[in-house]
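The values are calculated or read from the model by the stated rules, or taken from the named source; none is laboratory data. Because the structure is predicted, anything quoted here is derived from the model rather than measured. Quick reminder, even Gly has a Cβ in these numbers, built from the backbone with ideal geometry, and neighbours come from all protein chains shown. To get the accessible areas, we keep the full protein, side chains included, count just its heavy atoms, and leave off ligands, DNA and RNA. Shrake-Rupley method; radii C 1.70, N 1.55, O 1.52, S 1.80 Å.
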Amino acid sequence: MLSSLGESAQFIIQLIVVLGCLFYGAKKGGMALGILGGIGLIILVFGFNLQPGKPATDVILTILAVVVASATLQASGGLDVMLQISEKVLRNNPKHICILAPVIGWILTILCGTGHTVYTLLPIIYDIAIKSGVRPERPLAATTVSSQLAVIASPVSVAGVSMVTIILNRGVIIDGFTSYVDLIKLTIPATLIGVFAIGFWSMFRGKDLDKDEEFQEKIKNSDLKKYIYGETATVLDKKLPTINWVCMWIFLAAIAIVALVGYFDELRPAWPNAKGVMKPLGMTPVIQIFMLLAAAIIMIVSGIKSSKISKNEIFQSGMIVLVAIYGISWMADTMFKAHMDLLTATLGEWLKAFPWAYIIIGILISKFLNSQAASVATFVPLALSIGVDPGIVIAFAAANYGYYILPTYPSDLAAIQFDRSGTTKIGKYVINHSFILPGLIGVFTACVAGYVLAKMYGYL
């Protein structure tokens, strides 16, 4: 029996099994990450006789509620209003697109809780850049990275809510940290600083188009030049009905109410706990309730059919994440819980001695899982269990974004596709692509800023 092996040998074999599932799942893409967890669980439970852990149920249910609300907003046309406002700002300031486009991508993610809102924005950014003589790679790569960097800072993102849920449900006590509002007051400024760093660096990356020999050679061909400059991509020609604006404000009002209720405990109903102490309703069910409420009101007011909600990009990408987290979190919890003493004695001591190594591990795990929510659900419980300072987990929250390392994420591939000039690309060696440097600059800058803010707030 495999269970008769020594603990170290068991751990190594089990780690190979888990990583094998992750690698193959990542290669297959989509829901495969979660589905492959079934193979890992069979081997761990029936092969090694490990007691099954628990999937991240709170995280999964929160994903469901947030995705339904965001998808309903998109189906109702409320998201079109945000995109139209964004385009007006960009077209009025074309020379500042390398700064404004990433910031707008960041804002849209903050408001909607998902970076997938960037898809409609990308062709508009390309159109403005190419016709303003700006190298399209600069704003396109910066925007896709910034839109994903913002995920951990959104009040309705699964990753952010999951991190707070995991920390508070484990009874971790951090001075001044009692709700997800205390997380986003760190992650919002930290990631925004990271976005500005990406934007300023992007202003000077690559050759200007008039000095780029490869680009100049392309536009000598009249047909290719016509293709590169193309027709104007815009959403400004859409006449948006009033109901679209109403739906947007309903969604934003729900976010504002959640933030308000989260900040003031007295606004939440309370019940006595086992010790007779009145304990207010936790923020996890609060977010789930208000997101479902927002979706219901938007659906009723707009009159959209429920079938329309399940057919858009936000809903479909959200469900893929949900399945991935279900399988991954269950498999990881089963393995890590069985070897907690070993992990605490090795990885735990190492991370205590070199806390900045948390960033590297977080980035790598995120790349394996291709999801910040999955990374949080897998790495944060492990880090807390092996004794990593909770303040470090909060300070380096941006480290859960690492899937820019390889150019495989859908929004990055979309940016390459929309850039008809060919400046946004994957290099000869794959790793030298348009997104890796903006990603590293943004994440490390956000982590440094997060560390400073964590010190200021007393989390460290």
For this session: Identify, among Y227, G115, M278, the residue whose Cα sits farthest towards the positive end of the charge dipole of the chain, taking +1 on the Cβ of Lys and Arg and -1 on the Cβ of Asp and Glu, with the dipole about the Cα centre.
Result: Y227
Exercise. What order do you get for 389-398, 100-109 when each peptide is scored by the mean count of other beta carbon atoms within 10 Å, highest first?
Worked result: 100-109, 389-398
Seminar exercise, completed: Non-local residues with an amide H under 5 Å from the amide H of K279, with H modelled 1.01 Å from N and Pro and chain starts lacking one, are W271, N273
Exercise. Taking all protein chains as present, what is the carbon and sulfur share of the accessible area of the chain, in % to the nearest whole number, probe 1.4 Å?
Worked result: 66 percent
Problem set entry | Dipole magnitude (debye, nearest 20) for the chain, charges at Cβ of Lys, Arg, Asp, Glu | 620 debye
For this session: Quickly rank 446-456, 186-196, 377-387 as a protection proxy: mean count of other C-beta atoms within 10 Å, highest first.
Result: 186-196, 377-387, 446-456
Exercise. Around I431, what is the net charge, scoring Lys/Arg as +1 and Asp/Glu as -1 over all other residues with Cβ under 14 Å from its Cβ?
Worked result: +2
Exercise. By per-residue mean of other Cβ atoms within 10 Å, what is the highest-first order of 202-214, 65-77?
Worked result: 65-77, 202-214
For this session: With θ set to phi - 60°, apply the Karplus curve 6.51 cos²θ - 1.76 cosθ + 1.60 along region 268-273 and write out the HN-Hα couplings as whole Hz, x wherever there is a Gly or Pro.
Result: 9, x, 10, 9, x, 8
Exercise. How large are Rg and Dmax for region 53-457 when only the alpha carbon atoms are used, in Å?
Worked result: 21.7, 79
